[in-house]
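A.B. asks: Would you mind keeping the following structure in view while I ask a few things?
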Amino acid sequence: MAVSTQLPHLTDLVVHQILRFVPTKVAVRMMFVSKQWEGVWFLDPILDFDEGTGHYQHNHDQHEKFIKFVNNILKRYLEFCDQKQKHSAAKRFRLCMMSYLSGDAPSVDKWLSLLFERISVEELDISLLVRGVDKLLQGDLENYYSLSRKTLINAKSLTSLQLECVTIKHMDEYRSSLSPIKEAMVPSADLISKCLLPSFKTMSLKTVRFLDKGNQYDCHFDYAALFSLIWECPFIEYLSLTSCCFKNSGYRQYLCSSSLKFLEIDECNSPELTISEVVNLESFRLVSSSALEILALIKCANLKDVSIFAPRLQALELYGCHDVAVTVLNDVPDLCIINFEGYLKSEISLKNIENNFYAITIALLDKWDGELTTLKSIRDFLENLVRTAEELVLFIDDFKAIIFPESFRQTVNEDHLRSFSSEDLLNEDHLRTF
């Protein structure tokens, strides 16, 4: 009985769905079997090159074969587009090298130039692992691929960027890196058109180190480089930083954006971090097992949810974060300073922390007009935040906020609010003590 060797006929839509979920290497093999499959893949390709899926990583010759494979596929794709007189537009390009060598940099530069100039790629995922080096802090920096402004100059179509094990040079051409915080956070209309990544929405950086634009091999982190990169993305909404290197900066690390909504920082080794004027930020997640000592959130008016895991945290500062809910997930034995400016609707959860705070400063911005109806809110807020403190400074716009009726005083835990019974703190004639 004869056996048919022909592939069953499938619609282009079905073929496209199949090819979306297979690596580029497998898709290329399928193209040799059917002209239909070749045409469908070239019309809307997912360019996914992973050195770890084959045997490329085992020796230098196999690594060279992987480089040639990527070159050949990109060349064939562009030739197909030229033949069909079709504008090339690949939605996603992923490159994962398991044995990146410094000599591969020209090839990577060429591929990225093609992606941005000819292919108009939207999503870029680059992971360039160096063999024998587990962390970016180890080994010589010249072994790593360095992304520069020149590399991204034509990346106007890029909406998503994921980078792992690369260095990034300072990208700012329009503003001084010495005083980034003093300048406006929102780029003007004329500068938005000059920004590197005007279509950008999401960015994930893992094991990335930022370098001064003048010296690729400088072992010191440029404290303004991250700020300048974010400023080049005027519409970014999601940012994730994992194991990025800030250790040698010698400066507090600032992060500012007018568009960012979601921020996640995981095990980055900056001792001091300020999130300032990220006016649309809604959610912030931070994990720092050993590095972070000072965290400041300033003028993040829309921030609603903050989760912190930072055992070495010493100072927490919250200014102008109106309705934020902050949860500290772990015991923080060194936390001794808390500065807060905001409203009673904010929630600062320190339920598992039994620290003896050195100083707590609270500024409540609520207005009390007419009869007080928020006494319980004031009590609960202070009891949750003010446990034991050597020094408490309380700023309230209206003194009526702390004139508690006799019936209400009986509901207050005096141990938690004993600072308010000090004649030194409450020595004004119009203030009453418990």
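A.B. asks: Check Asn330: other-chain or 5+ apart residues with amide H under 5 Å from its amide H, H built from backbone geometry?
C.D. replies: For Asn330, the qualifying residues are Ala310.
A.B. asks: Fewest Cβ neighbours within 10 Å first, please rank Tyr319, Tyr77 accordingly.
C.D. replies: Going from sparsest to densest Cβ surroundings: Tyr319, Tyr77.
A.B. asks: Between Lys68 and Ala291, what length in nm is gained on full extension when 0.36 nm per residue of separation is reduced by their alpha carbon distance?
C.D. replies: Working it through step by step, the gained length comes to 76.1 nm.
A.B. asks: Holding the Cα-Cα limit at 19 Å, pick out from Lys68/Lys156; Lys206/Lys304; Lys68/Lys91; Lys110/Lys156 the pairs that are longer than that.
C.D. replies: Lys68/Lys156; Lys206/Lys304; Lys68/Lys91
Rule-based calculations on the coordinates, nothing more; no lab input. As the structure is a computational prediction, the values presented were derived from the model and not from experiment. Glycine also receives a Cβ, built like all others from the backbone with ideal geometry; neighbour counts cover every protein chain displayed.
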